[in-house]
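The values are calculated or read from the model by the stated rules, or taken from the named source; none is laboratory data. This is a predicted model, so every value here is computed, not measured. Every residue, glycine as well, gets a Cβ built from its backbone with ideal geometry; the counts of neighbours run over all protein chains shown. Heavy atoms of the whole protein, side chains included, go into the accessibility calculation; ligands, DNA and RNA do not. Shrake-Rupley method; radii C 1.70, N 1.55, O 1.52, S 1.80 Å.
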Amino acid sequence: MATNLPSWQDKNFGSKIRAALWLETEVGEGNIFTKTQLRQAFPHDTQIDRRVRELRAHGWRIDTSRDDPGLRQEEQRYVNKGAEIWIPGQAKPGSQESRLTAAQRTKVWQADGFLCRTCGIGAGELYDEAGYERSKLNVTRRKVRKPTGQVEIQYVTECNRCAAGSDREVDLDGLLATVRRLTPLERRVLAGWMEADRRTMSGLEQLWGVFRTLPEESRLLIQLAVANDEE
């Protein structure tokens with residue numbers, strides 16, 4: 001855990017700064033803390049939960065069970081530190097890290113069809129037919145490196161499972177270079193997937209999928225038929 005920091009118990013600091021220092025010195029990055037532990041540390045501050053949430057506007061990442069399905073409802077994980085707000089001049093939230101309004105979140109969800117862009121699950125759907133966990137859709141910040149080299153924060157819909165630990169950066173220039181290397185046939189297939197917003201399997205892929213499930217005797221029969229046709 002961090003050392004050589006001001007004391008989180010120094011009441012000359014506001015409660016948000018003290019909460020940040022408590023996370024750094026008492027919890028430590030990557031570790032879990034509970035609401036009970038937080039309230040025990042700040043027994044006279046009825047707004048301490050809010051002060052911790054406000055740290056996210058300064059670039060601090062603090063996950064809840066909504067972000068990380070491995071956490072219980074009363075648990076939170078201190079993932080990483082943001083601005084060192086106890087240092088004068090560091091407490092101003094970055095414009096890109098400010099929280100989205102409800103209208104802005106809804107706009108992102110609408111643009112993404114109210115589906116997780118990583119796995120395709122919809123809000124409230126079961127992850128597993130035999131399970132009980134239902135998905136929750138979140139808006140995730142994604143770093144996008146544009147062809148100019150500038151890194152921009154953009155927003156995308158992800159479910160609580162896919163968003164857990166999600167800290168990817170997309171290199172658009174590299175992605176475009178890969179697209180340019182595609183054959184004309186590959187481009188047409190990709191364009192079709194993009195237009196439909198889903199990947200459809202070709203007849204050959206479907207046939208392979210069925211072949212892989214066959215018993216050995218049947219697989220050998222199909223292999224022999226393919227080999228004879230090639231002759």
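What the table below lists for this structure:
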read-out: Surface per residue (accessible, 1.4 Å probe) for the chain, Å²; value: 68
read-out: Cβ charges +1 (Lys, Arg) and -1 (Asp, Glu), total dipole of the chain, debye; value: 1260
read-out: Positive-end residue, the stretch 15-149 charge dipole about Cα centroid, Cβ charges, pick of W109, G124, L38; value: W109
read-out: From the coordinates shown, Rg and Dmax of the Cα atoms in Å corresponds to which of (1) 15.9, 49; (2) 24.6, 86; (3) 20.7, 69; value: (2)
read-out: Within the stretch 147-207, trypsin sites (Lys or Arg not before Pro) in DSSP loop having at most 12 other beta-carbon neighbours inside 10 Å; value: R168, R181, R198, R199
read-out: Partnerless cysteines, meaning none of the other Cys C-beta atoms lie under 4.7 Å away, in the chain; value: C119, C162
read-out: Rg/Rg_globular for the stretch 160-205, with Rg_globular taken as 2.2 N^0.38 Å and Rg from C-alpha atoms; value: 1.50
read-out: Inter-site label distance for Q104 and T118 at 7 Å from Cα along Cβ, in nm; value: 2.1
read-out: Packing rank of 211-220, 75-84, where each peptide gets the mean count of other beta carbons within 10 Å, highest leading; value: 75-84, 211-220
read-out: Reach of K35 by Cα under 25 Å, taken over lysines that are not fewer than 8 positions away in the same chain; value: K11, K16, K81, K136
read-out: Summed side-chain charge close to T213 - residues other than T213 whose Cβ falls under 14 Å, Lys, Arg +1, Asp, Glu -1; value: -1
read-out: FRET efficiency for R56 and L185, using Cβ-Cβ distance with R0 set to 35 Å, rounded to 0.05; value: 0.15
read-out: Magnitude of the charge dipole, the stretch 7-122, Cβ model with Lys/Arg +1 and Asp/Glu -1, debye to 20; value: 380
read-out: The chain, helix-only ellipticity at 222 nm - DSSP H runs n ≥ 4, -39,500 (n - 2.57), divided by all residues, nearest 500; value: -10000 deg cm²/dmol
read-out: With DNA, RNA and ligands ignored, accessible area of V27 (1.4 Å probe; Å², nearest 10); value: 10
read-out: Computed magnitude of the charge dipole of the stretch 106-231 (debye, nearest 20; Cβ of K, R +1, Cβ of D, E -1); value: 840
read-out: Listed residues I153, I222, I48 arranged by accessible area, highest first, probe 1.4 Å; value: I222, I153, I48
